[in-house]
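Asker: Dropping a structure here in C-alpha cells format, bear with me for questions.
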Amino acid sequence: MQRILFLFAAAAAFAICSMPAQATILYDNLSAPINAGDTVAGFGPLADSFSTGGTSITLTDVKVNLETGVNDPSATVSLLGDNSTSPGSLISTLGNVNVSGGPTVCDLSGLSLSLAANTRYWIEVSATDSSILWPWSTDTSGIGVPSEYFYNSSGVNSNSGGPYLMEVSGISGASVPEPPGLPLFALGFLTMIFLGRRRFAR
C-alpha cells in the first residue's frame, strides 16, 4: 500500500513541476472593422502600446495588419520600452515583414523576449516604402485595447482615437522556468520520506 501511495505522490510531484505555462493574449484588435490607414513612411514610424498584467511574460508572437498597393515592400517591426506614456528606447528588432496586397496579417512568431510584469511596451512599425499603410479602427472592444495608446507624427493619442491593428501574445510566467532538476529533486525527497517510514515501521 505504501509503495502505491509513494508512486502516486511521485507522479503528482512530477506533474506539478512539469506543468506548462499558460498562453496569454495581451492585446488584440485584429478583427476590428477598419476605418482607414496611416502611411507608415509618411506619417510614422507608427506605434501601438500594450501592457503586461500582474505576472512576467515571455513575448512569443506579434501580428500586425498592414496593406500596400505594390508588390512586397518591406516593413520593420520593433519592440520599444515606454517613456512616460510614449514610445521609449528600442528593446529589440522583432523582424522584417513583406507586405502583399492588403489588408495582410504579418505574423512574427517564434519570439522569446522576457517582459516585466505591470509594464507598458510599444510595437513600432517603420518603413521607407510610402505605399505601406497600417490600418486603424475606432473599435476598442478587443482584449487590452481600451486603456492603451497609439503614436504617429502628430504625437501620442488615446486609443479612443483609433489605434492600429495588431495582436500581441505570450506565455505567462515562462520567463522564470523551474530548474531542470526540480522534478528529480522532488522524487528523491519523496523516496527519502518513504524509506524513513519503512525504517521506523519495523
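Every number here is computed from the coordinates shown, using simple stated rules; none is lab data. Every value quoted in this text rests on a predicted model; they were computed, and no experiment measured them. Every residue, glycine among them, receives a Cβ derived from its backbone with ideal geometry; neighbour counts consider all protein chains shown.
Asker: Can you give the local net charge around D48? Use residues other than it whose beta-carbon is closer than 10 angstrom to its beta-carbon, Lys and Arg +1, Asp and Glu -1.
Answerer: Charge balance in the 10 Å sphere: -2.
Asker: Taking K and R as +1 and D and E as -1, what net charge do the other residues with C-beta under 14 Å from the C-beta of N96 add up to? Walk me through the numbers before you get to the answer.
Answerer: On the way: positive: none; negative: D72, D107, E124, D129.
That works out to -4.
Asker: Same structure again: Report the local net charge at S169: Lys and Arg +1, Asp and Glu -1, summed over other residues whose C-beta lies under 9 Å from its C-beta.
Answerer: -2
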